[in-house]
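Below is one structure, written out as structure tokens; comments come after it.
Computed from the coordinates by the stated procedures, all read-outs in this text should not be read as laboratory data. Keep in mind it's a predicted model, so treat the numbers as computed, not measured. In this analysis, Cβ positions are derived from the backbone assuming ideal geometry, glycine residues included, and neighbour counts consider all displayed protein chains.
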There are 2 protein chains.
Amino acid sequence: MYEILKNVNSPQDIKNLTAAELETLAADIRGAMMNRLSKHGGHFGPNFGIVEATIALHYVFDSPKDKIVFDVSHQCYPHKILTGRKQAYTDDDKFGEVSGYTNPEESAHDFFNVGHTSTSVSLAAGLAKGRDLTGGNENIIAVIGDGSLSGGEALEGLDFAGEMDTNFIIVINDNDMSIAENHGGLYKNLKDLREGGGKAETNLFTAMGLDYLFVPDGNNIGQLIEAFKSVKDSKKPVAVHIVTQKGMGFEPATVNKENWHWHMPFDPETGKGKFDWSGENYGSLTGDYLMKKMSADKSVCAITAATPTIMGFTSDKREQFRGQFFDVGIAEETATALASGIARNGGKPVFGVNSTFMQRTYDQIMQDVCLNNSAVTFIVFSASIWGMSDVTHIGIYDIPMISNIPQLVYLAPTCCEEYIAMVDWAVEQNKYPVAVRVPSNGVVHSERAFPTDYSELNRYEITVQGSGAAVIAAGDFYQIGEQTVSELAKREINATLINPRFITGLDSELLDSLKSAHRAVVTLEDGILDGGFGQKIAAYYGDSDMKVKCYGFEKKFYDRYNAGELLKELGIVPEKIADDIIKMLQ
Amino acid sequence: MYEILKNVNSPQDIKNLTAAELETLAADIRGAMMNRLSKHGGHFGPNFGIVEATIALHYVFDSPKDKIVFDVSHQCYPHKILTGRKQAYTDDDKFGEVSGYTNPEESAHDFFNVGHTSTSVSLAAGLAKGRDLTGGNENIIAVIGDGSLSGGEALEGLDFAGEMDTNFIIVINDNDMSIAENHGGLYKNLKDLREGGGKAETNLFTAMGLDYLFVPDGNNIGQLIEAFKSVKDSKKPVAVHIVTQKGMGFEPATVNKENWHWHMPFDPETGKGKFDWSGENYGSLTGDYLMKKMSADKSVCAITAATPTIMGFTSDKREQFRGQFFDVGIAEETATALASGIARNGGKPVFGVNSTFMQRTYDQIMQDVCLNNSAVTFIVFSASIWGMSDVTHIGIYDIPMISNIPQLVYLAPTCCEEYIAMVDWAVEQNKYPVAVRVPSNGVVHSERAFPTDYSELNRYEITVQGSGAAVIAAGDFYQIGEQTVSELAKREINATLINPRFITGLDSELLDSLKSAHRAVVTLEDGILDGGFGQKIAAYYGDSDMKVKCYGFEKKFYDRYNAGELLKELGIVPEKIADDIIKMLQ
């Protein structure tokens, strides 16, 4: 087991291996990844496809002096295995020692903490410029997948690189897939290049000013070594286009590439997942709602930036709604602008996006949508402490980011029924850009009645009328608010509970009315406090006698935390909040 | 005068003109623009270059049914003149009737309020999709300059368009210039295409999946009409590459294209500017500082995204600092990522950017820089109510935007000497990403002493020790704070004055210490209040007895306002603030 890998603790250890030994090493790396991924889950297809290329890179170049930057780093596992971190793959007790992404805190062979797509070329171009400013002479290599090329930052980076007059190597790892299938005109050119052995009528890379080298079999270590040797120490920027097979080495992953881009734990014999995820979730609820709506109204359309399944659009559904479902590629900026254009010409666009990726289109939200008051509906997923917990994918920064953009209406539903009511209003109205924050505390159902019209902005709802203290509990923290009020009731305080519904504005009438019978207000939000919702309430009451305390998260980069423990640590639990309120009332 | 133009009130009025009359119309349009621009200032070169193309577009297409979207809309004046708004150019009393950008509130021929670059292709693609969703059959045309092609959103848009199976026309207005010269590898391809009569070894547009048509003389109305007729009602996306001369028709503007991209009022005979702008300003102060620094330390570099002169790098200076000055094109995302890479490899990068354009790189600031804690220095210009006043270029949204990103240190200097001290510290240290907010209230000098080290974060400075009330006055609102304290002194209140210096965090020790002898705190910031600095102070004091009031701007899109009047309207004047404080103390 791990016949060659067992002796490999750094890239230096592979420099003298024979061709046959390198092949065995590739098999060992796949074995190590299979061990971790079948038990722990993670990015499967990208890592299984890039094993040979990673071996060849480390065989030819001298990491960490030579610097390799992996785009989005979905494909960095073989690199981690070869750079001193193999135990996190071979030894089940050590799975926790590595993150799923490149991470300078783990290794001198990693240069950036990366989890967002399309950044590698520009980041690595910076390393190259830094080298030139300080008189270094190392090779700088960016590794970027074909899917990532659709992102604006990557295309900007290629353009910038094309004018660099210095060593800079860009490896295009072309497996003919994004997370789902690729979208965009450039993929026709990549196909032509693949089919023409690197020759075609036109060439995106040379059009960007780069030299170009084609490697027909990017899973052939010999071909790769030869190619990388030929560009090593090059004094000009060059794109090396390698053709790889996503998921190579595990049949289920090569048959259904989309499902195996990332995979939860599975049986390595059959590929069958170990957990049943078939319960109710907001992805499929959203998809069901949208598909019904789109069937009934042909002007409704759904937009994704390469993550169609977050709103339930599996490949069959995408096919079924072909003319109304648009995947723009990993191009959030274009998704947002496209939505604005659609709204301005009679369509009803819905852009579903994870909170962390919505960051990639801040200016378009402000300028292309809000400044033009285009009636776009954004559905914001994973905007929660219960969302993705990798530092690169945290979703709790969205409230300060978008709720301070003029014109935008940001709604925070407290349960499933309110969520659907809000989305439906957003889609049907044409007065405002609206974002809806999808709850992430499981699918909570409610029998409360919800309005179908939210056009009177910033009207909060008192759901429990009390006195003394008021709890304003936004979105999926509403249930914590409910529990806090129950806890206070046990202590003979009948507090008021409020569902603010709108997190972009203040219900000043309601807030003023609280002054007569309340002395304390607490706010709860599933996001960072700085620049968020609660601070607006606190500032509103700033020159009054009302005492205000805000609950939410610190302005910091959380990483691989346990949500329950974090909530406890920050005192965002009903008993603790009730204690604080009692103190405030004293 | 205005021989043909006098009878043109809508595009319909040009449909039956002869070739000779169209030429006269072109001269009339240039005359009208010369009238306005020589007296009022505005974008010169882009508009003078696109006169013929605009005439041809309106001759061939049927606006507003057919929809033309102008990228950044620096070049929309001829379009405005032909679509019912000529008086704003010919009649000096009506200059105020139009904005400098396309604006749906002005005319049914405008579809978006646009002032940021690289958005037209994606926005227009949305109009095309909207048309298809609702069964329309009009032509959709995006007009984009060569300079704008370096922006990620534009490149994403071309890629997306390449896969559209419907009518979509992209006019590439290639005048071989951005605001300054172009940067990026793709411009070599454009040059080859220009020189090869539309033929070259490779072609960016066909590589993106688009059909391609070349028009050698984009200032020849006949050639343009023929080309546009050939693509009208096309059922496939097509790029029409037209070669124009920036500034055509006014010699000074064709000789010095950079200076004449935008121009202040001038003498139409000589081109000489009417105002003297040679006084001290933060652009040249920044340039002087940086150039001295860069000469002394070869690892220091300056980065711009196509606006080099905002920090004083005129073309001669760019040449002088060739290896240390990087213009990435209109590509803020790449500028930010590049800076991060440079910092990670030993360089000291300084990225100077206008507040409004910093919005274009939110995710890179967070992920590429702050998450990696790269010691990048951002210098943020025009982040002020005294900055640019067009709705598309307002700079008062930056505090909520970036100050809530973890790790970032945002410094707000109160005067010239403090500004230089802060920038110098930012450049020399390697612990934090730092942004410095350039004052915009003129160059104020101070004889106060300023620290050279700001590494102990969030330490505010008490500049006047008083009691009762404290005024926390950030950045270029510090002088309003000073005046408020003077005003209070006249009324026998000796208030405390505080320069917070840091707007990303709280000096809790100092804030706590105020509690003993102060009952009221006011905050002043030159930005919107929502999500900003003052609300953090208000929230901090939320459960105490301290009364807090925050002064700043509303969360709205201001447009072409008068700063002095706006400040008065919002009560951000010393006398009014003093009145409020006295009420708070009662």
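Overview of results
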quantity: At 7 Å out from Cα toward Cβ: B:A563 inter-copy label distances (nm, ascending); calculated: 4.6
quantity: Percentage of interatomic Cα-Cα distances in region A:5-259 larger than 35 Å; calculated: 8 percent
quantity: More than 24 Å apart - percent of Cα-Cα pairs taken over region B:148-255; calculated: 24 percent
quantity: Those trypsin sites (Lys or Arg not before Pro) in region A:499-586 that DSSP places in a loop and that have at most 13 other beta carbons within 10 Å; calculated: A:K515, A:K556, A:R560
quantity: Kirkwood estimate for region B:1-111, i.e. one over the average of 1/r between Cα atoms, Å; calculated: 13.7 Å
quantity: Coordinate range along principal axes, alpha carbons of region A:360-495, Å, largest first; calculated: 51, 37, 26
quantity: Over region A:377-417 - Rg/Rh using Cα atoms and the Kirkwood inverse-distance radius; calculated: 0.99
quantity: Listed residue (B:F502, B:G552, B:L570) projecting farthest to the positive dipole end of region B:461-585, Cβ model; calculated: B:L570
quantity: Burial order of peptide ranges A:454-463, B:10-19, A:236-245, A:187-196 (average beta-carbon count within 10 Å, highest first); calculated: A:236-245, A:187-196, A:454-463, B:10-19
quantity: Cβ-based exposure ranking for A:T484, B:T334, in which fewest neighbours within 10 Å come first; calculated: A:T484, B:T334
quantity: Dipole magnitude of the protein assembly as shown, debye to nearest 20 (Cβ charges: Lys/Arg +1, Asp/Glu -1, about Cα centre); calculated: 320 debye
quantity: Shape call, region A:521-584: gyration tensor on alpha carbons, a/c limit 1.5; calculated: oblate
quantity: Residue list for region B:361-392, given a label point 7 angstrom along the Cα-to-Cβ vector of A:W262 and an amide N cut-off under 20 Å; calculated: B:363-364, B:366-368, B:371-372
quantity: Which of A:N441, A:T463, A:V427, positive extreme of dipole for region A:409-541 (C-beta unit charges); calculated: A:T463
quantity: Calculated P(r) of region A:433-586 - Cα pairs past 25 Å, %; calculated: 26 percent
quantity: Theoretical FRET efficiency, 1/(1+(r/R0)^6), r = Cβ-Cβ of A:E21 and A:E201, R0 51 Å, to 0.05; calculated: 0.75
quantity: Closest approach to the axis - chain A beta-carbon, rotation onto B, Å; calculated: A:G152, 1
quantity: Per DSSP, loop trypsin sites (Lys or Arg not before Pro) in region B:264-336 with at most 10 further Cβ within 10 Å; calculated: B:K272
quantity: Cα-centre dipole for region B:18-263 with unit charges at Cβ (Lys and Arg positive, Asp and Glu negative), debye to 20; calculated: 140 debye
quantity: Calculated log₁₀ intensity ratio I(q)/I(0) where the Debye formula runs over C-alpha points of region A:96-198, q = 0.12, 0.16 Å⁻¹; calculated: -0.47, -0.80
quantity: Dimensionless Rg over Rh [region B:126-176; C-alpha; Kirkwood]; calculated: 1.01
quantity: Cubic angstrom per residue, convex hull over Cα atoms of region A:454-544; calculated: 92 Å³
quantity: 13 Å beta-carbon shell around B:D512, net charge (K/R +1, D/E -1); calculated: -3
quantity: Dipole magnitude of chain A about its Cα centre (Cβ charges: Lys, Arg +1; Asp, Glu -1), debye to nearest 20; calculated: 260 debye
quantity: Estimated 222 nm signal from helices in chain A, with DSSP H stretches of n ≥ 4 weighted -39500 (n - 2.57), rounded to 500; calculated: -10000 deg cm²/dmol
quantity: Mean projected area (nm²) of the alpha-carbon convex hull when region B:278-333 is viewed from all directions; calculated: 4.0 nm²
quantity: Principal axis dimensions, largest first and in whole angstrom, of chain B by Cα; calculated: 81, 53, 52
quantity: Top positive-direction residue, dipole computed over the protein assembly as shown with Cβ charges, set B:T307, A:Y282, A:S299; calculated: A:Y282
quantity: Region B:8-24-region B:366-394 distance, computed between alpha-carbon centres (Å); calculated: 45 Å
quantity: For the protein assembly as shown, projected area of the alpha-carbon convex hull averaged over all directions, nm²; calculated: 43.6 nm²
quantity: Residue exposure sequence - B:S403, A:S122, A:S234 - by fewest surrounding Cβ within 10 Å; calculated: A:S234, B:S403, A:S122
quantity: Local electrostatic count at B:N220 - Lys and Arg +1, Asp and Glu -1, tallied over other residues with Cβ under 11 Å; calculated: -4
quantity: GluC sites (Glu not before Pro) restricted to region B:238-341 and DSSP loop, no more than 14 other C-beta within 10 Å; calculated: B:E269, B:E280
quantity: Label point 7 Å beyond Cα along the C-beta direction, distances from A:E280 to other copies (nm, shortest first); calculated: 6.7
quantity: Chain A: antiparallel DSSP beta bridges as a percent of all, rounded to 5; calculated: 10 percent
quantity: Mean Cα-pair separation over length for chain B, i.e. relative contact order, pairs under 8 Å, 6 or more apart, %; calculated: 10 percent
quantity: Translational D in µm²/s for region B:157-209 (Stokes-Einstein at 20 °C, 1.002 mPa s, Kirkwood Rh from C-alpha pairs); calculated: 173 µm²/s
quantity: At q = 0.11, 0.17, 0.19, 0.21 Å⁻¹, base-10 log of I(q)/I(0) for region B:282-437 (Debye sum, equal scatterers on each alpha carbon); calculated: -0.36, -0.93, -1.20, -1.52
quantity: Unsatisfied cross-links (Cα-Cα over 23 Å) in the set A:K246/B:K188; A:K431/B:K94; B:K94/B:K232; A:K188/A:K298; B:K515/B:K583; B:K80/B:K246; calculated: A:K246/B:K188; A:K431/B:K94; B:K94/B:K232; A:K188/A:K298
quantity: Whole-number percent relative contact order across region A:194-352, with pairs defined as alpha carbons under 8 Å at least 6 apart; calculated: 15 percent
quantity: Cα-based shape type of region B:263-374, given that a ≥ b ≥ c are square roots of the gyration tensor eigenvalues and the cut on a/c is 1.5; calculated: prolate
